[in-house]
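**Q** I'd like to ask some things about the structure below.
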Amino acid sequence: MKQLALITFAFLILAQTTVSQSTAVTPAALPTASPAAAASPTPSLPASSANESAVAQPTAAKGIPVLPPEKAAPVTIPKFEKPPVIDGNLNDAVWQTAAVLKDFYQIDPGDNTAPSKPTEVLLGYDPKFLYIAFRAFDEPDKVRSTVAKRDNIFADDYVGFYLDTFNDRRKAFEVFFNPLGIQGDGVLTEERGEDFSVDLLLESKGIIGEAGYTVEIAIPFKSIRYEAGKGKLWGAHFFRRIQRFNRELDSWMPFSRAVSSNLSQAGHLTGLEGISVESTLELIPSLTLSQSGRLVRTFGGFPGTAAAVNDPGRILNQPVEIDPGLTAKFTPSSALTLDLAINPDFAQVEADQLVVTTNQRFPIFFAEKRPFFLEGIDIFNTPITAVHTRAIVDPDIAVKLSGKRGRNTFGLMAASDNGPGNLSADDRGNLAICLDRRAIDPTVVCNNERFVDKNAYIGVLRLKRDIGKGENTIGIIATTYNFIEKHNDLAAIDGRFRLDKQTTFAFQVLGTSSRNFFFDPDQGKSNYRTGNGLGYFIDYNVSGRNFGWELYGEGYTRDYRADVGFFGRTNTNFNSAFVRYDTDPNPKAKIISRHVHNFSWIGYDFQGRIQNWESEFYIQWRMPRNSFFSLAYEPAYERILEEEFGPKRTATRQGAFYGPDDERSVQKHHFFVSGSSQYNKKIQFNARAVLRVNHLDLDFGGGRKYPRVSPAALLLGQDAPLDPGAGNLFELTAGVTYQPTNELRMSLNLVKNQLKRRDTQRTAFDVNILTFRGTYQFTRATFARAIIDYNTLSSRLRAQFLAGWTPSPGTSLYVGYNDDLNYAETHPFTRQIVPGFRRNSRTVFIKMSYLFRKSFGG
C-alpha cells in the first residue's frame, strides 16, 4: 500500500508540472470492422453535385494523385451563428455556410480511382459543438441499412471519419454511421489498430431519400480530448463504405499503398477558435438487483459421508442482492480526465465466449469488457501486455487519471480489489466445514482462512513522450500488485520509431520482481521466494505497396511474472521472420487480388534448447461479394521437457513423464483451408478447417467422456505419470449469419477440436462448442437478445436472455436471466449420471444506470 501511495503522489506532482497539447493502420486495415446493419425514408438530396465528385484525379505516380490546392492546404472550418437541428435533413440555412469536402477517391479495392458514387462532407462549429454532415449519393433502394445496435453497423453501408485532435499522427477518434445515423465509435492508434470499446457521447441522425442518404452529427467538444485555438491543426480522414461494390471504400484524402502509416496521410482542419473552455463533471449512479439460485446439498453433512453421497441436492435461491455503485468522471480541461469508481457496477451483461481449454498448457486471454477500465485504456497498452485490467476482479474503489499535455501522455490507475478474497459460496461452505472439523481436531489446516474477505492493492503508472515531428514515441510503465503471499512489481521502457514511410522499429524491455510460490523441478515442489524476471520485445517492420517484411523477437525468463498484466509461457524466446507479397487489386476481375506470405518462427529456452518451430506458406484470393479463400501449409516441430510439467527424474524418483525418456519431440505438418463470403445482404458465412498431423497430446485427459488414452494410462490407470504422444488434431470453426429483416439478426457458430492418438488409436478428446445468438433491435436504443452455448465435452448448456434500453453511454436499463445446466452428466454430489437436464445455477437481474452531466465555466 505504501508503494501505491508513493506512485500516486509522484504522478500527481508530475501531472501538475507538465505543459498543454495531444499509429498506424495501413490502407489494407482501414475501417473494416465487423458485422451488423436498416432503412427509412427521407427528403431528397440536391442532385446538382451528384456528378461532380466521381471524377478521377490526375496522378503523379502509381496510385498517388496530385493533391489539388483545397486538399493540400488546411480546411478552415466556419463558425456557425446558429446551431442546426440534428434530424438528418440538412435543410437548415446554416449548412449553406459550411465548408464542403468532395472529390473522394476510391482507395479499396480501387487504387485512388474514381468512386462509384459521389460523397460530400459539410463542416461547421460553434463554441460547444463540432458539426459534421454527409451527403452520400446513391439509389435509395440499393442502400444497405438496418436497425443496428451501436458498434454493430459494419455490415451496412456507412460513412465516418478519423479525427487526430492533437495532430500527432499517433492516435485519432474514429466514428462511423450507418444510413440511419447509428454509430460505431472507437479509437485508432497507429501501433495497435482500432479499439471499438470506446463510446463517445454525441448526437447523430440519418435518413434515406430519393438521392441517397444523409447523416447529420453534433459532437460536443467536452466529449473528446483535443487541442484547439489559433493556428492549431487537426488531422482528419473522411470515409464512405459501399458494401455492394465489393465493399468499396472511398476517402476524401488519397491513400498511398506504399506508405504504411494511416494518420500521416490525413488532411487537416483548422479555424477552431473561441471554443468554450469548460470543466465537465459526469456522475453515473448504478443499481443492480439480482437473485441467484445454485445447487446445494439437501441434507448437509461432510463430503464422503453416506448422507452426502446419496444427496440429490436442490436449487436454493439466495437472498436478493442490492448492489449500488457510482462512477464519476471529472474533466478539468480538454486534455485531462479523472475517473473514480466506488463499488462500481461491473456486472457483465454478457459472459465470456466459451473456448476449447482441453490440452491447453497456458492461460487464455479474454478481452476487457467493463466500461470503467475501457475508458482511456489505449494509454496503458504496450506491446507486451504489462496491464490487463481483468487482473482487477472486483474493486471496492478505483481511480484513474489520464490525459495528454504537450508532448506528454500520462496515466495513473489505482484500485483496491476485493476479488481475491471474495470466496465463492462453495469455497465459503467448504471453509465452514473445515472450521467445524478443526473444532474437533485442532491439527486441521484450513487453507483459505487467511484470504477470506481480504483485498489486493494494485497501482499502475504510465508515461509516454512524443519525439520529433514524426510518429516517434518513448515511454515507461510501472505496476504493483500486493496480496497475501502474492507480491509483484514491474517496470518497463518501450518505444516506437518511424524510420521512413514504410519502416517502423519498436521495442520494449521489462523487469519484474515477485514474492510468490515458484515451482522447482529439481526439488519437485513449490517454494515461496523472491523471483526476478526479464521480458523483451523487438520489432522491425517494412511495409510497402506490394512487398513487405518483418523481423520480430519476444522472450521471458523463468521467473518473469506480470500479475497486473498477462503472460503465458516463461523461460522462452520467440523469434520470427515474415515476408509477404500483395498484387494490385483489380475491382472488375473475378479475382480482385492475391496475397502470399511466409511466416517462420522458432522458440527456444534460455538454456538454448529448441522448443518449437514452424514455417507457414500461405496464399489468399480476394473475390467479389466480399469473398475470400485461402490455403496454407506448415512444416513444424515441437519438443517438450518433463521439467515443464512436474519434477525431474532422479535415481530414486520418478519424473513427470512415463518411461525412459524425459522429453518428447515430434515433426509436424499442418494443412489449412478457409473461406468466407457475404453472399448477399441477408446471409454471411465463414469456415476454417485445419489438420495438424503429429500434434502432441499432452495426456491431460478430457474429463469423464474422454479419460486419458496414452499407453501409460491404459496400462497403469488414470493416475499414471504423463505420457505425451503424437496424434492427429482436426480443428473446425464455422459460422453463418442470417438477417431476414432489418431488425432481426441470428447467427450460429461451431468450434470443433478432435485429437486421436497415433500410438493407441484412441480418441484423446472430441470437443464441439455450438453458439446461437439472436438479436431483435426494436429501435436504435432498445433490443432483446438470446445467447445459447452448448459444450459437448462437459455436456453444459448456458443460456443468456437479455432485454436492454441504452439511449446513450452511461444511461441504460437491462433485465436479464441466465441459466446453467448439464445434460446427462455426472451429479456433483452423488457422482451418478443424471438423465436429461440438471440445473447448476440460475440468475435473474435488473441493472440500471443514469448519466448526470454538468459543465462549469465557459
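**Q** Give, in nm to one decimal, the length gained when the segment between A799 and Y776 is fully stretched (0.36 nm per residue of separation minus the Cα-Cα distance). Working shown, then result.
**A** Values: separation 23, 0.36 × 23 = 8.28 nm, distance 1.65 nm.
The A799-Y776 span can extend by a further 6.6 nm.
**Q** Beyond 16 Å, what percent of the Cα pairs of the stretch 135-220 remain? Intermediate results must be reported in sequence, preceding the final value.
**A** Details: 1958 of 3655 pairs.
Taking all Cα-Cα pairs of the stretch 135-220, the fraction more than 16 Å apart is 54 percent.
**Q** Now for a separate question. Taking just the alpha carbons, could you work out the radius of gyration and Dmax for the stretch 789-843, both in angstroms?
**A** Computed over the Cα atoms of the stretch 789-843, radius of gyration and Dmax are 15.8, 50 Å.
**Q** Something else now. On a straight-distance basis, which lysines could pair with K681 in a cross-link, Cα separation under 21 angstrom, same-chain partners fewer than 8 positions away excluded?
**A** Reachable lysines: K117, K142, K149, K588, K590.
**Q** For the chain, just the Cα set please: Rg and Dmax, both in angstrom.
**A** In order Rg, Dmax, the Cα atoms of the chain give 28.9, 92 Å.
**Q** Which whole-Hz ³J(HN,Hα) couplings does the stretch 138-144 yield from phi under the Karplus relation 6.51 cos²θ - 1.76 cosθ + 1.60, θ = phi - 60°, glycine and proline marked x?
**A** Working through the residues one at a time gives 5, 7, x, 6, 10, 5, 8 Hz.
**Q** Another one. Kindly rank 694-703, 189-198 from highest to lowest mean number of other beta carbons found within 10 Å of each residue.
**A** Details: 694-703: 20.8, 189-198: 18.8.
Most protected by this proxy first, the peptides run 694-703, 189-198.
**Q** Then there is this: Given the options Q684, P319, I379, identify the residue whose Cα lies farthest towards the positive end of the charge dipole of the chain (+1 on Cβ of Lys, Arg; -1 on Cβ of Asp, Glu).
**A** Projecting each Cα onto the dipole axis, the largest value belongs to Q684.
**Q** When the helix-only estimate is applied to the chain (DSSP H runs of n ≥ 4, each -39,500 (n - 2.57), divided by the residue count), what is the mean residue ellipticity at 222 nm, nearest 500 deg cm²/dmol? Before the final figure, lay out each step's value.
**A** Values: 6 runs with 50 residues, N = 858.
That comes out to -1500 deg cm²/dmol.
**Q** With a Förster radius of 45 Å, plug the Cβ-Cβ distance of V66 and V596 into 1/(1 + (r/R0)^6) and report the FRET value to the nearest 0.05.
**A** Details: r = 32 Å, r/R0 = 0.71.
Given R0 = 45 Å and the Cβ-Cβ separation, E is 0.90.
**Q** Also, quick follow-up: Within 10 Å, count the other beta carbons around each residue, average over each peptide in 412-422, 174-184, and list them highest first. Mind showing how you got there, number by number?
**A** On the way: 412-422: 20.2, 174-184: 26.8.
In descending order of packing, they fall as 174-184, 412-422.
**Q** As an exercise, identify the chymotrypsin sites (Phe, Trp or Tyr not before Pro) in the stretch 751-796 lying in DSSP coil whose Cβ has no more than 15 other Cβ atoms within 10 Å.
**A** Values: sites: F765, F772, Y776, F778, F783, Y790; in loops: F778.
Of the chymotrypsin sites (Phe, Trp or Tyr not before Pro), the ones in loops of the stretch 751-796 whose Cβ has at most 15 other Cβ atoms within 10 Å are F778.
**Q** Extension gain N728-I493, at 0.36 nm per residue separation less the Cα-Cα distance, in nm?
**A** Working: separation 235, 0.36 × 235 = 84.60 nm, distance 4.23 nm.
Result for the pair: 80.4 nm of gain on full extension.
**Q** Any idea of R428's accessible area? Nearest 10 Å², probe 1.4 Å.
**A** Rounded to the nearest 10, the figure is 80 Å².
**Q** Still on this structure, I have one more. With all pairs of different alpha carbon atoms counted, what Kirkwood hydrodynamic radius in Å does the stretch 80-150 show?
**A** Numbers: mean 1/r = 0.0696 Å⁻¹.
It is 14.4 Å.
**Q** Next question. Of L696, L340, I208, which is farthest on the positive side of the dipole of the chain, counting Cα position, with +1 on Lys and Arg Cβ, -1 on Asp and Glu Cβ, and the Cα centre as origin?
**A** About the Cα centre, the residue reaching furthest to the positive side is L696.
**Q** Further, regarding this structure: Zone of F519 (label point 7 Å along Cα→Cβ, backbone N under 11 Å): which residues in the stretch 687-702?
**A** Output list for this probe position: empty.
**Q** Then there is this: To the nearest 20 Debye, how big is the dipole of the stretch 600-689 about its Cα centre, given +1 on the beta carbon of each Lys and Arg and -1 on that of each Asp and Glu? Kindly include the intermediate steps, with their values, before the conclusion.
**A** Working: 12 positive and 11 negative charges, 144 e Å.
Here the size comes out at about 700 debye.
**Q** What ranking do 278-287, 627-636 get when scored by the average of other Cβ atoms within 10 Å per residue, highest first?
**A** My ranking of the peptides, most packed first, is 278-287, 627-636.
**Q** Mind scanning K128/K205; K222/K847; K171/K404; K171/K464; K102/K230 and naming the pairs with a C-alpha gap bigger than 21 Å?
**A** Working: K128/K205 19 Å; K222/K847 27 Å; K171/K404 11 Å; K171/K464 13 Å; K102/K230 25 Å.
The answer is K222/K847; K102/K230.
**Q** Quick one: Karplus J couplings for the stretch 713-721, per residue in order, coefficients 6.51, -1.76, 1.60, θ = phi - 60°, nearest Hz, x for Gly and Pro?
**A** Karplus-based 3J(HN,Hα) across the stretch 713-721 equals 5, 5, 7, 10, x, 5, 8, 5, x Hz.
The values are calculated or read from the model by the stated rules, or taken from the named source; none is laboratory data. Keep in mind that this is a model prediction, so the values were computed, not measured. With ideal geometry, Cβ positions are generated from the backbone for all residues, glycine too; neighbour counts draw on all protein chains shown. Just the protein is used for accessible areas: all its heavy atoms, side chains included, with ligands, DNA and RNA removed. Shrake-Rupley method; radii C 1.70, N 1.55, O 1.52, S 1.80 Å.
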